[in-house]
Every structure is written in C-alpha cells, then in structure tokens.
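What follows is a set of notes on a single structure, which appears directly below.
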Amino acid sequence: MDSYAESDCHELLLRLAGRLPDRQLWRFRDWLAAGAVTALARTLPLTLLRERVGLTAEESRLLTNALRPAGADPERLNALPWVDEIAEVDYTFTSESPEWVSMGDSAGVVLGAIVRDRTDIGEVRGTWRLPRTGGGAANRVVLVTATTQPARLAGELQRVLRALGEHEPSVEVIPRGILLPRYHQAALAASVPLAMGAAEGGHLVPS
C-alpha cells in the first residue's frame, strides 16, 4: 500500500471510531499498521455492510482509494449505504475514570516513557468513554497527535495498551491538519494530558 492509500485508510478508520465496535476497529488498525492490506480490503467492506454503517461521500472516497487497488470487491463497495452527515455518537466522555483502576496510572507512565524525545509524536491525552444510554463499562480513549506515519503509530500504541491489559484499545492518532469528527471533538473536550513527545507544535487543543 502506498503512503497516500495508507493515509486515506487511516483517516477512514479514524472517522469510524464510535461507529464500529472496538473489537473490530482495533483489529483493522492493527492490520493496517502491519501492512495486511489484502485482509483489510476483503473484510472491512463486509463488516461495514454487516454493521449497517453508512458512509458520507468523503468516507466512500477514502474507502475506494485505499482498498479498491488492494482487491476490495467493487460490488460490496457500491452496496454500502450513503449518508449526508454523521449523526451524534451514542457516547459521553469524562476526564475521570468512573472506576478506579490501576491501568490509568500505569498507561500514563508507560506512554510517557515511549513518546519522550520522539519527534513524530506530539501530545498524548486521555479520556473515558461511556455509553449515552443503557449502561455499560467505561472505555479508555487515548488521543495522540502525529507528524508522520499515523497508522503505524496507532498500531504501536495499541500493542502497548494491550500489554497493559486493555484487550480492545482505543487509540486515536490524529494527523496534523485533519478536521476532527464529532466523536473526537467530544473526546478531546473531556480529556486530560498524559504525555508529551518532542514534535514541534504538537498540542491537541480541547474545544
């Protein structure tokens, strides 16, 4: 996969946060980071159809550009429903963990050690996501700014969080200049700093 297709695929997966289940999204990001593009091209469109996830025109363009050259089924791509805009996501966010778990502190310490002095990483922030209705467990969301190779950075940090016990990690690596989806705007607004890399001007600014 060339760098443009990888960038498009990463942006698409970023936009799908909160719309695809975590158990699927983290795996797709792991495949992208590992270069398993054929598996992604075969599985992602089918998953979107099965989960009935509608795409905007821009998201459809990203999907086609990223996965059509890798062998995605054109009929499946054409069968995906379109939407004019993305509705509000069914989550709320809080800066404090609803459950006092040790993973929060250990994650901050480990992430701080990993990103220190790295010029490809800016700020790392954390928040906790809760379903808007129906109860359910809190899930940690990590937001990161990246100057280069955001897909590979997402895969790297996911593996770190899995080693710390997070089985379905939510790592949102945000390239510079991207217009944040509503999900990420809400997550960022309720986030707190965890660590800081060495990228110049790499701060995430909560709205």
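At a glance:
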item: Nearest-20 debye value, the stretch 3-79 charge dipole, Cβ charges on Lys, Arg, Asp, Glu; result: 240 debye
item: Mean separation of Cα contacts under 8 Å, 6 or more apart, over the residue count of the chain: relative contact order %; result: 25 percent
item: Tensor-based shape of the stretch 1-144 (alpha-carbon gyration tensor, a/c under 1.5 rounded, otherwise prolate or oblate); result: oblate
item: Vicinal HN-Hα couplings computed from phi for the stretch 108-113 (Karplus, 6.51 cos²θ - 1.76 cosθ + 1.60; Hz; Gly/Pro x); result: x, 5, 5, 4, x, 5
item: Where labels lie 7 Å past Cα in the beta-carbon direction, separation of V53 and Q185 in nm; result: 2.0 nm
item: Point-charge dipole on Cβ atoms (K/R +1, D/E -1) for the stretch 91-196, about Cα centre, debye to 20; result: 240 debye
item: Extended-chain gain in nm, criterion 0.36 nm per residue less alpha-carbon gap, V109 and A163; result: 18.1 nm
item: The stretch 1-80: GluC sites (Glu not before Pro) in DSSP coil with no more than 15 other Cβ atoms inside 10 Å; result: E51
item: Total charge dipole magnitude, the chain, about the Cα centre, Cβ charges on Lys, Arg, Asp, Glu only, Debye to nearest 20; result: 320 debye
item: Contact order relative to length of the stretch 3-79, as percent, for alpha carbon pairs under 8 angstrom and 6 or more apart; result: 42 percent
item: The stretch 129-207: GluC sites (Glu not before Pro) falling in loop per DSSP and having at most 13 other Cβ within 10 Å; result: E200
item: Centre separation in Å (Cα based) which lies between the stretch 59-86 and the stretch 133-207; result: 25 Å
item: Positive-end extreme of charge dipole, the chain - chosen from L16, A198, Y183 (charges on Cβ); result: L16
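Each value in this text was obtained by applying a stated rule to the coordinates, not by laboratory testing. Every value quoted in this text rests on a predicted model; they were computed, and no experiment measured them. A quick note on method: Cβ atoms are made from the backbone with ideal geometry, for glycine too, and the neighbour counts reach across all protein chains shown.
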